[in-house]
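Reviewing the structure listed below.
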Amino acid sequence: MTLTVDGEQFEIAQATPTHLYLRTPAEIPSGSAELSISIDESVTRQHVQLLNDVQLSSPAVPFQRVGHTPRGHE
């Protein structure tokens, strides 16, 4: 699972319906992002809105789903 923000990718360790948890802490500004979930060769992309700026001290990323991109192959 990865989160892409302004072309930069962040690995996700865990996800809940309202929060993503980064594998490595990072500073990420609030705003639009894309969540990619890869299972075997199938990739599902979900457009999300990051609700708050993410700080190094907090690996939790609160988000809200805003759209869906159908599965594809990479």
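The values are calculated or read from the model by the stated rules, or taken from the named source; none is laboratory data. Since the model is a prediction, treat every value here as computed from it, not as a measurement. In this analysis, Cβ positions are derived from the backbone assuming ideal geometry, glycine residues included, and neighbour counts consider all displayed protein chains.
Conditions tested, residue by residue: (1) surrounded by fewer than 15 Cβ atoms within 10 Å (Cβ to Cβ); (2) under 17 Å from V66 (Cβ atoms).
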{"position": "M1", "(1), (2)": "no, no"}
{"position": "E8", "(1), (2)": "yes, no"}
{"position": "Q14", "(1), (2)": "yes, no"}
{"position": "T18", "(1), (2)": "yes, yes"}
{"position": "V54", "(1), (2)": "no, no"}
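Taken over the stretch 12-47, the criterion of being in a loop (DSSP other than H, G, I, E, B) and in contact with an Asp or Glu (Cβ under 6 Å, 6 or more places away or on another chain) is satisfied by R23, P29, S30.
In the stretch 21-28, is there at least one residue being at pLDDT below 90, over 10 Å from the mean Cα position of the chain (by Cα) and either surrounded by 12 or more Cβ atoms within 10 Å (Cβ to Cβ) or within 10 Å of L3 (Cα to Cα) (or both)?
Filtering the stretch 21-28 for residues at pLDDT below 90 gives none.
There is no residue in the stretch 21-28 that is at pLDDT below 90, over 10 Å from the mean Cα position of the chain (by Cα) and either surrounded by 12 or more Cβ atoms within 10 Å (Cβ to Cβ) or within 10 Å of L3 (Cα to Cα) (or both).
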